[in-house]
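Below: the structure, in structure tokens.
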Ligand SMILES: [Zn+2]
Ligand SMILES: [Zn+2]
């Protein structure tokens, strides 16, 4: 498996970080986790074969996680030389079908007029979907919005867990236990935090419960860039930590 962090920013616009988007390549599966604005640009910039994305999974419906999906769908419809023929599966928590319909309606498009097979599936917390080629996608509830979920992607005995946006919940650390990579949001310093997001200290506490082989942090608001995230995390969790940038890649050898 390979994880590429395409967009490591937030709705607070930043030059170096576009909004949320992370790609997992596992076997034949090309899974885009969230698709905030700027992610389609990063797909092109980092030479990702965007026509070959097989699945898109949304963690929740905040604009910094969904806004570029209309662009991506239209790129598949109009931007590929002969259009796209291969199917795409779009996955998200309850309400994802209506959300995708609204996004496409805003640009005068419809799911059933995409010219390529597209399926939209709702995933419930606790449910696991088989994405094909041995790839399983699991979801669990996280405290952020009513619909928010975190995902786990596993194949060949390896597991990547992505928090999406979340507030602090020890249960999430338990759920993520033993992940090879825990891709975790790290939004705000303690001084300005809100219950819907994590501080570096809380990322460390979650990692202390989850004990991932590698903790990869993402979703940085500008104020958190000005503090020493590594030392705050290290007070709780001694394992390897990376602060992802747009375009970072992480290889996970399958067993
Ligand atoms: Zn967000
Ligand atoms: Zn959010």
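Of the residues making up segment 48-67, those that are within 12 Å of residue 32 (Cβ to Cβ), within 17 Å of the chain's Cα centre (by Cα) and not in a strand (DSSP E or B) are 48, 50, 53, 54, 58, 59, 65, 66. Count, please, the residues in segment 178-199 that happen to be in contact with a strand residue (DSSP E or B) (Cβ under 7 Å, 6 or more places away or on another chain) and touching a residue at least 60 places away in the same chain (Cβ under 8 Å). Here the count works out to 3.
Is there a residue being away from ligand 1 (no atom under 16 Å from the Cβ), outside any loop (DSSP other than H, G, I, E, B) and under 22 Å from residue 18 (Cα atoms) anywhere in segment 139-160?
So far as segment 139-160 goes, yes, one or more of its residues are away from ligand 1 (no atom under 16 Å from the Cβ), outside any loop (DSSP other than H, G, I, E, B) and under 22 Å from residue 18 (Cα atoms).
Set side by side, the residues 55, 62 differ, and just one is within 16 Å of ligand 1 (Cβ to nearest atom) and out of contact with any helix residue (DSSP H, G or I) (no Cβ under 9 Å at 6 or more places or on another chain), which is 62.
Scanning segment 218-232 for residues that are touching a residue at least 40 places away in the same chain (Cβ under 8 Å), under 18 Å from residue 163 (Cα atoms) and more than 11 Å from ligand 1 (Cβ to nearest atom) returns a single hit, 229. Residues that are surrounded by fewer than 18 Cβ atoms within 10 Å (Cβ to Cβ) and part of a loop (DSSP other than H, G, I, E, B) within segment 68-86 comprise 80, 81, 82, 83, 85, 86, listed in sequence order. Checked against (1) surrounded by fewer than 18 Cβ atoms within 10 Å (Cβ to Cβ); (2) not in a strand (DSSP E or B), residue 130 passes all but condition (2).
Considering segment 1-15, and only residues there that are crowded, with 23+ Cβ neighbours inside 10 Å and within 16 Å of ligand 2 (Cβ to nearest atom), the residue that is farthest from residue 166 (Cα to Cα) turns out to be 7. When the residues of segment 134-163 are filtered to those that are touching a strand residue (DSSP E or B) at 6+ places or on another chain (Cβ under 9 Å), surrounded by fewer than 18 Cβ atoms within 10 Å (Cβ to Cβ) and touching a residue at least 60 places away in the same chain (Cβ under 8 Å), the one that is nearest to residue 121 (Cα to Cα) is 134.
Just name the residue that is surrounded by the most Cβ atoms within 10 Å (Cβ to Cβ) out of those in segment 207-217 that are free of Cβ contacts under 8 Å to residues at least 40 places away in the same chain and in a helix (DSSP H, G or I). Out of the qualifying residues, it is 207.
For residue 71, are the conditions met, namely being without any contact (Cβ under 8 Å) to a residue 40 or more places away in the chain, in contact with a helix residue (DSSP H, G or I) (Cβ under 6 Å, 6 or more places away or on another chain) and away from ligand 2 (no atom under 16 Å from the Cβ)? So residue 71 fits the description; yes. When segment 16-47 is limited to residues that are part of a loop (DSSP other than H, G, I, E, B) and surrounded by fewer than 21 Cβ atoms within 10 Å (Cβ to Cβ), the one that is nearest to ligand 2 (Cβ to nearest atom) turns out to be 16.
Read-outs throughout are calculated quantities, based only on the coordinates presented, and are distinct from any laboratory measurement. Nothing here was measured: the structure is a model prediction, and the numbers come from that model. Every residue, glycine as well, gets a Cβ built from its backbone with ideal geometry; the counts of neighbours run over all protein chains shown.
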